[in-house]
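Asker: I'd like to ask you about the structure that follows.
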Amino acid sequence: MDGEFIIVCVTVPLLLHKLQNLLYYESKVPVGEAIDQLERIRTRLRDIERINLDIRYQFWVGFLKELQDLEDVIDNLIGEIELQRRNDSLKIMSPLICLRPLHGRIGLISKKLKKIITTSAKLFMELENLGPTTGTTSSPLQPRNLHYPVPDDSNFVGLNDKVDEVVKLLCNGEMPNAIAVTGKRGSGKTFLTKTVYKSTEVKRHFDCRAWVNFSKDFESREFLIDILTQLTWDWEFLDENLSYEELKLKLLNFSSNKRCLIVVDDFPSLIYDDYPTHKCFDRLFDVCGVSSKGIWLILIVFMQDKELALLEIKSCFCHLIRLQSLTEEESWTLFCKKAPIAEETTRFKENILTSCGGSPRTILIMEGLLSTTKRPSVIEHIIDRDILKLCYQDLSSQMKVCFLYFRLFPRAFEIPIRRLFHLWIAEGLFITLPDEENMASEDLAEDCLKLLIRRNLIEVTKVRLDGSPKTCRMPTTIWDVFSRTAVILGHFHFHKDIYRYDNRDLYDIRRLTNYAANGIDPQFYDHIQYLRSYVSFNTESSGKFLDALVTPGGFGLLVVLDLENVYKPAMLSETVGKLLHLKHLGLRRTFLDSLPRSVGNLPYLQTLDVKHTNMTTLPSSIWKAKKLQHLYLNENNFDMSFKRTYTGSEIILQTLSGLFIGNKNVVKSYLYSLRHLRKLKLTFYSKSVEGIASWISELKALRSLKLRSIDEFDRPATLELDSLITHHELLELHLVGSLTRSIESLCAPNLRVLTLSASKLGEDPMPILGKLRYLNCLRLFRNSYLGEDMTCRAGEFPQLRVLKLWMLEHLEKWTVMEGTMPLLKELEIRLCPKLKLREKLPLTLKDVVLINMPDGFVECVERVLVNSFVKKITWRFTALPE
């Protein structure tokens, strides 16, 4: 299908939503017939997608232009009506203020709608002339029982010998300082290196490790900060204000008495004619301090055969690991380990092997496709086909756009799942469909990501405590393949390439990503009044950018403004209040000191993220925003921001994170109106706890609950909480404060992550917590348990994978019976000075971290867990936060 067709498929539901919203503003607008017609169009588009109907390219170009013109007219009309409403309150004060002439705009909408209806009639005629459909169908989204795949490092068929080779080179003490792992795209370079990186032998041999990605925009100082952050663990060691030379000296001194392993992924090959590779080698070796005896370097380099010969003659590498294609036997073994083998599959064994060409990545993509598609016949179409593109074509149009959305982010960029979902939803990619009316947009977005991950098109880079993904990215080999596809779609423009387009194309730009270090060139301002989405990854140099977005009508059409990680962007001003359509305002880690007051007046704002900023208060009007669904704060004081602005209507807020409450009155005056929360993170004075417990007991949709009760000196205080046994949706619970109820009453039945701190439990909580069937992460922090004995009985903690015991000063005996915690993989014990190991630990443990623990305890654990990696860490400080 053409790119324009894909955008048409996601634009029509968005237009339907906007027309219905227009009726809310102006019930007299004659859009009833148009809504019915767009519903028919959406159905026809599904038919076209289902049968892969080939309609000429020019048709979709023209139809998309008509849809976008209609969207512009609707948004302009809604903006004018909103401005008119704001002016209503000023009419008494100024009789000169009058209604804007809206009838012309309404007439224009009717004209645009008639044109779309005429064009859509051609679609219906095309389909009616087809007769019975026998074409290949595309697969819809999988059911919700599809889970995130569990990472499995045992899939490295054919690479085991290479893994052993690299491990020996690293650990025998005689290896060179640099190793290059080379091979063609999809040959398993990253797979192999990750296996080496995570191996117990390598973890034991090296004191610290770091995995970093190389890019064309390589900045030596930022690269060093990334390496040092991963190597040191100690945040007091690293000051990000240090100069490059100071950071380099830090690395040299740090590695002087330690063995450090640095993996550089995606190092550029010699084919980059605009990127002198020999200079990259020299510069990288200088930055990483390879001359130091304490630093070992592994480079993952994509190379063609002719380039390998050039690389081999370089004296900088004493060893090259060259990966060849898998044999047919190795390829089929890898495929069978992952794919459900059915009779139909084995009949096409030769086709599968021919198409995969011995590439591990291609094999895994093939397996992902066959495991998730609802079209068994897809296997018949793989002969001489590009498997990656076949997997992409099998996605629905909606999912194709979501997949290509990853191109918005820089190459190899790790994207927080939170950020990705909010952007997808704000862009209108998950308008609720009629057959999915009971599903929230966040659930639809999660289903989409699950399928992309399951198909190995997207990889998880970091996971949360419960095992769900925290960050993800598009693998660089796939990013390279689809980079041009995303641009051809016309869905995104990238500022550094903007002048490749002629003026006609510039006027059509609706989404802009900025990678340029100096912000947007002012010469570009004349072309951005129709901009809907702006995402920046660099410091903004001009505060006039937002002004350029505002139309002569006095408002802008921007929907997404994401400046996450941009340090104190100068562009943010009161002009934000004129962006009447703004849904997403991402300011996380911008370290801004204040927020423009006008933000509180944005009628469509859905997501406001000011976490990790210097803001202490928010505009009071933000608390009456009717469309606000996700609010991420920075321990902002509700009492200072709240000025009785609440109007009494129901609020649809789903996420409220980082709020501080010091006055019990605001609980009843505002918080009681929040009934749809799914994520709540709250800090409050214990004296104001009245009402919070009863309010939380009514929040049955909660999935994540984090409560911190403190006194006037910021110390943990009493935490009162009603029973949570009926909270079946609750998956994560984090409590800081002395509990007044039995721990049993707080055990929601489906809990996966539990963190307790300063709970002051007198009785051993393990017999109760061990009965939680789905608990996979348990963290008992400082003073959570005051007893001396703790026992984990056989059959308990059936799903527990992560256990952390911090600063339990009275704990002396921990009994771990055989048959408990059968899946435990990670154990961390921090500053439990009296603890003695008297029983065996689960042999399933892969990683054990012991921080500031007695040497005798460490030696005992090492004797018990001979096949596990035991890491001992000593920090200079002992006072840790609760």
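What follows is calculated from the coordinates using simple rules that are stated; it is not laboratory data. Source: prediction; values computed, not measured. Here Cβ is always computed from backbone atoms with ideal geometry, including for glycine, and neighbour counts include all displayed protein chains.
Asker: Can you give the FRET efficiency for residue 481 and residue 161, using 1/(1 + (r/R0)^6), R0 = 22 Å, r = Cβ-Cβ distance, to the nearest 0.05? Write out the running numbers ahead of the final one.
Answerer: Details: r = 29 Å, r/R0 = 1.32.
Between residue 481 and residue 161 the formula returns 0.15.
Asker: On a full-extension model of 0.36 nm per residue, what is the gain between residue 818 and residue 257, subtracting their alpha-carbon distance, rounded to one decimal in nm?
Answerer: Gain in length upon complete extension: 198.0 nm.
Asker: Scan around residue 828 for amide H atoms under 5 Å from its own, H built in the peptide plane at 1.01 Å from N, and keep only partners 5 or more places away or cross-chain.
Answerer: Under 5 Å from the amide H of residue 828 lie the amide H atoms of 803, 804, 805, 849, each far enough along the sequence or on another chain.
Asker: Starting from 0.36 nm per residue, how many nanometres of slack lie between residue 246 and residue 336 once their C-alpha separation is accounted for?
Answerer: 27.2 nm
Asker: Quick check: residue separation of residue 36 and residue 230 times 0.36 nm, minus the Cα distance between them. What number comes out in nm? Could the numbers behind the result be given before it?
Answerer: Working: separation 194, 0.36 × 194 = 69.84 nm, distance 5.61 nm.
Additional length available on full extension: 64.2 nm.
Asker: What's the FRET efficiency of residue 690 with residue 745 using the Cβ-Cβ distance as r and R₀ = 25 Å, to the nearest 0.05?
Answerer: FRET efficiency, residue 690 to residue 745: 0.85.
Asker: Which FRET efficiency value, to the nearest 0.05, is calculated for residue 652 and residue 786 with the Förster distance at 35 angstrom and r the Cβ-Cβ distance?
Answerer: For residue 652 and residue 786, the calculated efficiency is 0.25.
Asker: Collect residues whose amide H, placed 1.01 Å from N in the peptide plane, falls under 5 Å from the amide H of residue 875; neighbours closer than 5 in sequence don't count.
Answerer: 852
Asker: List, largest first, the extents of the alpha carbons of the range 798-848 along their principal axes, each in whole Å.
Answerer: 27, 17, 15
Asker: Please list, in chain and number order, the residues 5+ apart from residue 178 or on another chain whose amide H is under 5 Å from its amide H, with Hs placed from the backbone.
Answerer: 297, 318
Asker: Considering the range 738-842, what Rg and Dmax in Å follow from its alpha-carbon atoms?
Answerer: 12.6, 34
Asker: Okay, moving on. Treat each spin label as a single point 7 Å out from the Cα along the C-beta direction, and report the residue 771 to residue 215 distance in nm.
Answerer: In this crude label model, residue 771 to residue 215 measures out at 5.1 nm.
Asker: Give me the net charge for the shell around residue 112: Cβ to Cβ below 10 angstrom, other residues only, Lys and Arg +1, Asp and Glu -1.
Answerer: Numbers: positive: 111, 114, 115; negative: 66, 69, 71, 72.
Overall, the nearby charge balance is -1.
Asker: Report the local net charge at residue 825: Lys and Arg +1, Asp and Glu -1, summed over other residues whose C-beta lies under 11 Å from its C-beta.
Answerer: In short, 0.
Asker: Okay, moving on. Within 10 Å, count the other beta carbons around each residue, average over each peptide in 673-680, 107-114, 603-610, and list them highest first.
Answerer: 603-610, 673-680, 107-114
Asker: Compute the orientation-averaged projected area for the range 439-485 from the convex hull of its Cα atoms and round it to one decimal in nm².
Answerer: Average of the hull's projected areas for the range 439-485 equals 4.1 nm².
Asker: Related question: Describe numerically, in nm with one decimal, the distance between label points set 7 Å from Cα along Cα→Cβ at residue 697 and at residue 327.
Answerer: 6.8 nm
Asker: Give me a comma-separated list of calculated 3J(HN,Hα) values for the range 404-410, in order, Karplus coefficients 6.51, -1.76, 1.60 applied at θ = phi - 60°, integers in Hz, x for any Gly or Pro.
Answerer: 5, 4, 5, 5, 4, 8, x
Asker: To continue, here is another question. Need one number: nm distance between label points at residue 598 and residue 726, each 7 Å from Cα along Cα→Cβ, rounded to one decimal.
Answerer: About 4.7 nm separates the two model spin labels.
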